Amino acid sequence: MSRLNIRNVLSNDLDCVCKIESLCFPAAEAASKKAFEERISVFPKGFFVAELDNEIIGFINGGVTNDIHIEDDFFKTMDLHIPDGDNIVIFGLDIHPDYQRKGYAKELMSHFIEDAKKSGRKKVLLTCKEHLIKYYEQFGYVNEGVSSSEHGGAKWYDMYLTV
Ligand SMILES: CC(C)(COP(=O)(O)OP(=O)(O)OC[C@H]1O[C@@H](n2cnc3c(N)ncnc32)[C@H](O)[C@@H]1OP(=O)(O)O)[C@@H](O)C(=O)NCCC(=O)NCCS
């Protein structure tokens, strides 16, 4: 079985990333091509792709803030990104449907958390749907309950991990 290779995003990964996002999220929740373009150009250090045999099968990406919860506007613009801020927000964790339930998201998340530690962040923040709360608790994330987020019209939960 091929080993997963995790690396920082490159500008020419944009189309692959957008394709996987469209397979993983309904249109109302999926990040736009413009949002990905901005995230890749502003903060590639917080954007990791996972490859099997040189093909991208998933990714995780974020931005930095001094807030303790994620503002919905942060999903749309990197204007809120504070490079030397305390906390790193996860905008998305996506694994191509053909490659799910093989532990690849776990590898990406562990890599992201390690990088957050090395970068001196205090917390990793994310919002997720109810069915994923248990999954994130395995990494040590704490559920803070229903989020004020109205992203994509869905119900989200705020979670944080102290690193
Ligand atoms: C959520 C998501 C990222 C998980 O990706 P994944 O690679 O399937 O995640 P993992 O393989 O690490 O774990 C998923 C499940 O597979 C199980 N699993 C892990 N390795 C496995 C293996 N080798 N064989 C069978 N199951 C396995 C895990 O135990 C976990 O089970 P659980 O949910 O009951 O705890 C993926 O389903 C996805 O992209 N969904 C759509 C987008 C989304 O909702 N993203 C999260 C936004 S907050």
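The values are calculated or read from the model by the stated rules, or taken from the named source; none is laboratory data. Note that the coordinates shown come from a computational prediction; the quantities given were computed from them, not determined experimentally. As a convention, Cβ positions derive from the backbone with ideal geometry for all residues, glycine included, and neighbour counts pool all protein chains shown.
General remarks:
- Sole exception among (1) within 15 Å of Ile90 (Cα to Cα); (2) modelled with pLDDT of 95 or more; (3) within 11 Å of the ligand (Cβ to nearest atom) for Lys134, by number: (1)
- Selection status of Ser119, more than 24 Å from Asn12 (Cβ to Cβ), of a type in the set (S, T, N, Q) and either more than 12 Å from the ligand (Cβ to nearest atom) or more than 14 Å from the chain's Cα centre (by Cα) (or both): yes
- Any hit, region 90-110, residues being of a type in the set (Asp, Glu), surrounded by 21 or more Cβ atoms within 10 Å (Cβ to Cβ), modelled with pLDDT of 95 or more and within 15 Å of the chain's Cα centre (by Cα): yes
- Members of region 137-150 that are within 13 Å of the ligand (Cβ to nearest atom), in contact with a helix residue (DSSP H, G or I) (Cβ under 9 Å, 6 or more places away or on another chain) and over 19 Å from Ala28 (Cα atoms): Gln138, Phe139, Tyr141, Asn143
- Here Phe139 passes the criteria (1) closer than 15 Å to Phe91 by Cβ; (2) surrounded by fewer than 16 Cβ atoms within 10 Å (Cβ to Cβ); (3) aromatic (Phe, Trp, Tyr) except the one numbered (1).
- Close contacts from region 91-110, counting a first residue that is closer than 12 Å to Phe25 by Cβ and a second that is among the polar types (S, T, N, Q), with Cβ to Cβ under 6 Å and a gap of 6+ residues or different chains, come to Phe91/Asn61; Gly92/Asn61.
- Here region 126-157 is the region considered, the condition is being at positive phi and without any contact (Cβ under 8 Å) to a residue 40 or more places away in the chain, and the residue that is farthest from the chain's Cα centre (by Cα) is Gly145.
- Asp73 vs. criteria more than 15 Å from the ligand (Cβ to nearest atom) and modelled with pLDDT under 95: yes
- Filtered by the rule that a residue be among the hydroxyl-bearing types (Ser, Thr, Tyr) and within 9 Å of the ligand (Cβ to nearest atom), region 99-116 gives Tyr99, Tyr104.
- Residues (under 15 Å from Ala31 (Cβ atoms) and either in contact with a helix residue (DSSP H, G or I) (Cβ under 7 Å, 6 or more places away or on another chain) or modelled with pLDDT of 95 or more (or both)) located in region 54-70: Gly58, Phe59, Ile60, Asn61, Gly62, Gly63
- Residue in region 57-68 that is surrounded by 14 or more Cβ atoms within 10 Å (Cβ to Cβ), within 21 Å of Asn143 (Cα to Cα) and among the hydroxyl-bearing types (Ser, Thr, Tyr) present: yes
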